[in-house]
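Before we start, here is the structure in question, set down as C-alpha cells.
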Amino acid sequence: MERIEELLMDMIDDGPLDESAAPIDASSVPIDAELSSELQRIHAQSPLLAQCIEHPSDHVLEALNKQRASLHTTLFRLPYSIGAAARWGGGVVAVACVLQLATSFLAPDQAFVSIARSPIQQSQPAIEQPVRHIDEGMRLMPLSPSSHTTTSTIESHIERTALLKRRNEIREQLARTTDPEARVQLERDLERVNELVK
Amino acid sequence: MKAMETTNEELFKRVCNGHHDAFDALYERYATKLFAYARTILRNEAKAVDMVQQVFTSVYASRATFNGQNFDAWIFSIARHACLREKRIEQRTSPLEDADKAVADEQGMSEVDLNLIRAAVDALPDDDRTIIRLRYFDDLSYNEISNLLGITVSAAKVRVFRARRTLAAVLRPQFED
C-alpha cells in the first residue's frame with residue numbers, strides 16, 4: 001500500500017499545476033474508484049498549495065544576515081582567543097623558566113631573601129591565612145569520573161539558553177499585561193521556568 | 001561561484017580550518033531552509049531566527065563528531081533535535097497556548113481559498129501539518145524533508161500523500177459548497 005501511495009504522490013507532483021488542475025490519469029495504478037476520485041480531489045488542491053509558499057520576509061532575511069556577522073565573531077574569535085592565550089601562557093612559562101634558572105645559580109639561603117617587616121607592620125598583628133575546613137564526609141567522598149560529555153554539555157547549554165530566553169519573554173509579557181488572570185498565569189509560568197533554570 | 005560548486009562536506013571542512021568565506025557559503029545554503037523548518041515547528045519567526053543561530057553554533061561546537069559523510073543529514077538532524085527540544089520547553093512552560101482557537105479565528109476571516117487552505121493546514125495534526133508546510137509552504141524537496149525528519153524519501157512521499165488526503169477530507173465540505 002505504501003508503494004502505491006508513493007506512486008500516487010509522484011503522480012500528483014508530476015501533474016499540471018495550473019488553475020484548471022486537469023484530472024490525472026490513475027489507470028496505471030491499481031486503485032479503486034473511490035480512491036481514484038479522492039485522488040482527483042487531492043490533486044485539485046495542488047494549484048492552491050503551490051501558491052502557499054512563504055518566502056522569508058525582508059526583515060527576516062536582514063536578521064539572518066546580521067546573525068551571520070555575529071556568528072562570524074562568535075565562532076571564529078574563540079579559536080583565536082585560545083591561540084592568543086596559549087601564546088601568552090607560553091610566554092609566562094618561559095619567563096618562569098628563566099627565573100628558575102637564575103635562582104638555581106644562587107645559594108639556597110640567597111635565593112629567597114626574607115623581607116623584614118616594617119615598623120608599621122610590626123605594630124600590627126600578622127594577618128592569619130584563612131584555614132579551609134574540609135568536612136569529613138566530603139573528604140571520604142570517592143572521586144567519580146565525570147559523566148559530562150561534549151554533547152551533553154552543548155545540549156544542557158542550549159536548553160539553559162532557551163529557558164533563559166523564555167524567562168525573559170515571560171517577564172516582558174508580565175510587564176505589558178494588565179489583565180489580572182493573565183498575570184497570575186504568567187507568574188506561575190515564570191516560577192516554573194525559574195525552577196527549571198535552577 | 002566557485003564556493004557554490006564545492007560540496008557541503010568540503011565547505012564544512014574548510015569552515016573547521018577557519019575559512020570565513022566557506023562559512024558564508026554554508027550559511028547561505030542552509031540559513032533559509034533551517035529558518036523555514038524552525039518556523040514550521042515553533043510557529044514563531046523570531047524564535048526561528050534564533051534557532052538558526054543556535055543550530056550553527058551547535059554545528060560548530062560539535063564539529064569533531066561529524067563523520068564527513070552527509071552534512072545535509074547531520075545539520076538537519078541537529079536542527080530537528082534543537083527545535084523539538086525548544087518546543088518541549090515551550091510546552092512545559094506555556095500550557096495556555098491554544099492553537100485551535102487561533103485557527104478558528106483565522107477561519108472566521110477567510111476571504112479566499114488560500115486562507116482556507118492555510119487555516120486547514122494549521123488545524124491538521126502536528127505531523128501532517130509539519131510535512132505539508134515543509135513541502136508546500138517552505139518549498140523543500142523530498143530529500144531535504146527526509147533529512148530533516150530523519151525518514152526515507154519514500155516515507156516522506158507517503159506521509160505527504162496521507163497528509164494531503166486528510167487535508168482534502170477537511171476541505172471537502174468547503175469546496176463542495
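Inside the range B:49-93, can you point out the residues that are assigned to a loop (DSSP other than H, G, I, E, B) and buried (at least 17 other Cβ atoms within 10 Å of the Cβ)?
B:PHE66
Another question, then. Quick check on the range A:38-62: of everything there that is of a type in the set (S, T, N, Q) and more than 7 Å from every other protein chain (Cβ to nearest Cβ), which residue is nearest to B:LYS33 (Cα to Cα)? Explain how you work it out, then say what you get.
Going through the range A:38-62, the residues of a type in the set (S, T, N, Q) turn out to be A:40, A:45-46, A:51, A:57.
From what's left, more than 7 Å from every other protein chain (Cβ to nearest Cβ): A:40, A:46, A:57.
Working: A:GLN40: 31, A:SER46: 22, A:SER57: 13 Å.
In this case the residue turns out to be A:SER57.
Okay, next question. So which residues in the range B:49-65 are within 7 Å of another protein chain (Cβ to nearest Cβ), of a type in the set (Gly, Ala, Ser) and without any contact (Cβ under 8 Å) to a residue 12 or more places away in the chain, if there are any at all?
B:ALA61
Let me ask something else. Of the numbered conditions (1) more than 11 Å from chain A (Cβ to nearest Cβ); (2) surrounded by fewer than 17 Cβ atoms within 10 Å (Cβ to Cβ), B:ALA46 satisfies every one except a single condition; which is it?
Checking B:ALA46 against (1) more than 11 Å from chain A (Cβ to nearest Cβ); (2) surrounded by fewer than 17 Cβ atoms within 10 Å (Cβ to Cβ), the one that fails is (1).
Taking the range B:135-165 as the region of interest, how many residues are part of a helix (DSSP H, G or I) and more than 11 Å from chain A (Cβ to nearest Cβ)?
7
Condition first: without any contact (Cβ under 8 Å) to a residue 24 or more places away in the chain and over 21 Å from A:MET11 (Cα atoms). Now tell me which residues in the range B:152-174 satisfy that.
B:PRO173
Another one. Any idea which of B:ASP21, B:ASP72 is touching a helix residue (DSSP H, G or I) at 6+ places or on another chain (Cβ under 7 Å), charged (D, E, K, R) and without any contact (Cβ under 8 Å) to a residue 24 or more places away in the chain?
B:ASP21
Those residues that are over 13 Å from B:GLN54 (Cβ atoms) and at pLDDT below 80, I need them from the range A:150-177; list them, please.
A:THR150, A:THR151, A:SER152, A:THR153, A:SER156
Right, next: Of the conditions (1) more than 19 Å from A:SER156 (Cα to Cα); (2) in contact (Cβ under 8 Å) with a residue 12 or more places away in the chain; (3) of a type in the set (Asp, Glu), B:GLU86 clears all except one; give me its number.
Answer for B:GLU86: the failing condition is (1).
Determine if the range B:79-93 includes at least one residue that is modelled with pLDDT of 90 or more, touching a Ser or Thr at 6+ places or on another chain (Cβ under 6 Å) and more than 9 Å from every other protein chain (Cβ to nearest Cβ).
no
Here's something else I'd like to know. Within the range B:1-43, restricting attention to residues that are touching a Ser or Thr at 6+ places or on another chain (Cβ under 8 Å) and within 12 Å of chain A (Cβ to nearest Cβ), which residue is surrounded by the most Cβ atoms within 10 Å (Cβ to Cβ)?
Checked the range B:1-43; the qualifying residue surrounded by the most Cβ atoms within 10 Å (Cβ to Cβ) is B:THR40.
Report the residue count in the range B:94-140 for those that are more than 26 Å from B:LYS33 (Cβ to Cβ) and at pLDDT 55 or above.
Residues meeting the conditions: 4.
The values are calculated or read from the model by the stated rules, or taken from the named source; none is laboratory data. Note that this is a predicted model, so its numbers are computed, not measured. Please note: Cβ atoms are built from the backbone with ideal geometry, for glycine as well, and neighbour counts cover all protein chains shown.
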